[in-house]
Each structure stands twice: as C-alpha cells, then as structure tokens.
Amino acid sequence: MSLQMSLVFGLLIFEMGYLLLLMVPLPFPVRQKLVNGSVKLNQSRNFKSGWAFTTVMLGLQFIDCVQKLQKYHSAEGSLHSRDLGPARYDQLASKFYSQRNLYITGAVLYLEISIVTVVTILKKLVKKEELYRAATSAETGVDAKNTSDDKEEAAELRKLIKQKEDDIAVFRKQLEGVQKQYDSLNESELRTKSD
C-alpha cells in the first residue's frame, strides 16, 4: 500500500475509533467534555481548513477510483476471457487496487458525515441533560446559575413530561379494558374440532 493509502487507512481507523467512542454510553461529565471538545475543535479555523482540504482530496480520490473502474469495466468487454497473459494479470491487480481504494475512501467520507451527525445529536442531548439537571437541582433547592429562559424551558419540559405520563396511564387503562373484553369473548365462544 502506498504512503497515501496508508494515511487514508489510518484516518479510517481513527474515525471508526472516534465514532465508537461517541456511541459508547459514557458518564455525563465525560460525554460533556467529549462533545464540548468536538465543538471547540470544529470552531477552530485551522481544523476547518484541514478538514475541508482532506475531504476535497478524498473526494477527488474517490472520483478517480470510480473513473478507473469504469475504464476497466469497458475494457473487460473487449478482452476475451481466454487471454490471461501477464498484461491481463496486471490489469486485474490494478482493478483490485482501484476497488480497494474506492472502498476505503468511500468509508472515510461516509464516516466523516456520520461523525458530524452524531456530534450534532450528542450536542443536543448534552444540552437537554444540562437543562434537566438544572431543573432537578432547582427543585431540590440547590442554587443553580440559570437564566430565566432556561428555567422557563425546564418548567415547560416538566409539564410536558407530566402530560406524557398521564397519557401513558390512560393508554394502559384502555389496553387493560380491551384485553379483558378480548379475553371474555374467547371464553364465551364454544369451539368445535373443525375450528
């Protein structure tokens, strides 16, 4: 593997590990530091420039691999399967390398999109967890440093949770009633062997 593809493969392994780290259920303070670090890193101009450069280069390499594979595919139709000389084996090896490069660069590009999506979701999750913790600490009497907007949002969330809990209780009662009615229908019917 060339140095370039070794670097791309290393980037793939790093992205897989980072995505796994993001997906593992970590304690809240660890997850909060991880997400805040990712957000600060995304706000850095140097990181944005490097990330954009890397993405463009990988995109170009992906397009190049697709073009090479199309060339081999069109050339395959003109060659006979019996002609397996040294040139044919070189073409097969080159096709294999192009396929490998296509898969690796495609996976790296896909994981970049996945990481951005997961970080965005986790950022919202951490924010809601912070609001929830602030609301529960405000209920217990602990002095929290919140603005009035955060307190109002926490009160709205508590009200929404209470409403959903009431809805769940109503649905459970309805389910029990329907289940009792269904069971009473089954007990009252007489079954024959032909059923």
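For Lys95, the lysines whose Cα falls under 26 Å of its own Cα, not counting residues fewer than eight places away in the same chain, are Lys68, Lys71. Other residues with beta-carbon under 15 Å from the beta-carbon of Asn101 carry, at +1 per Lys or Arg and -1 per Asp or Glu, a net charge of +3. Can you give the extra length, in nm with one decimal, that the chain gains between Ser114 and Glu130 once fully stretched, where that is 0.36 nm per residue apart less the Cα-Cα distance? So the extension gain works out to 3.4 nm. Phi-derived couplings, Karplus 6.51 cos²θ - 1.76 cosθ + 1.60 at θ = phi - 60°, listed residue by residue for segment 26-41: 9, x, 4, x, 5, 5, 5, 5, 5, 5, 5, x, 5, 5, 5, 5 Hz, with x used for Gly and Pro. Return the subset of Lys40/Lys123; Lys33/Lys162; Lys40/Lys151 for which the Cα-Cα distance in this structure is over 22 Å, preserving the input order. Going by Cα-Cα distance, Lys33/Lys162; Lys40/Lys151 fall outside the 22 Å limit.
Packing, as the average of other Cβ atoms within 10 Å across residues, places the peptides 26-33, 98-105, 59-66 in the order 98-105, 59-66, 26-33, highest first.
A cut-off of 5 Å between modelled amide H atoms, ignoring neighbours fewer than 5 places along the same chain, links Leu26 with no other residue. Sequence-distant contacts, meaning Cα pairs under 8 Å at least 6 residues apart, place the relative contact order of segment 3-144 at 43 percent.
Each Lys or Arg adds one and each Asp or Glu takes one away; over the other residues whose Cβ falls under 14 Å from the Cβ of Arg172, this sums to -1. Per-residue 3J(HN,Hα) values for segment 159-170, derived from phi via the Karplus relation 6.51 cos²θ - 1.76 cosθ + 1.60 with θ = phi - 60°, read 5, 5, 4, 4, 5, 5, 5, 5, 4, 5, 5, 5 Hz in sequence order (x marks Gly and Pro).
Using a probe radius of 1.4 angstrom, the carbon and sulfur fraction of the accessible surface of segment 83-136 is 65%. Surface exposure of segment 3-144, expressed per residue as accessible area with a 1.4 Å probe, stands at 69 Å².
The values are calculated or read from the model by the stated rules, or taken from the named source; none is laboratory data. The shown structure was predicted, so the numbers you read here are calculated from the model rather than taken from an experiment. Every residue, glycine among them, receives a Cβ derived from its backbone with ideal geometry; neighbour counts consider all protein chains shown. With ligands, DNA and RNA removed, areas are computed over all heavy atoms of the protein, side chains included. Shrake-Rupley method; radii C 1.70, N 1.55, O 1.52, S 1.80 Å.
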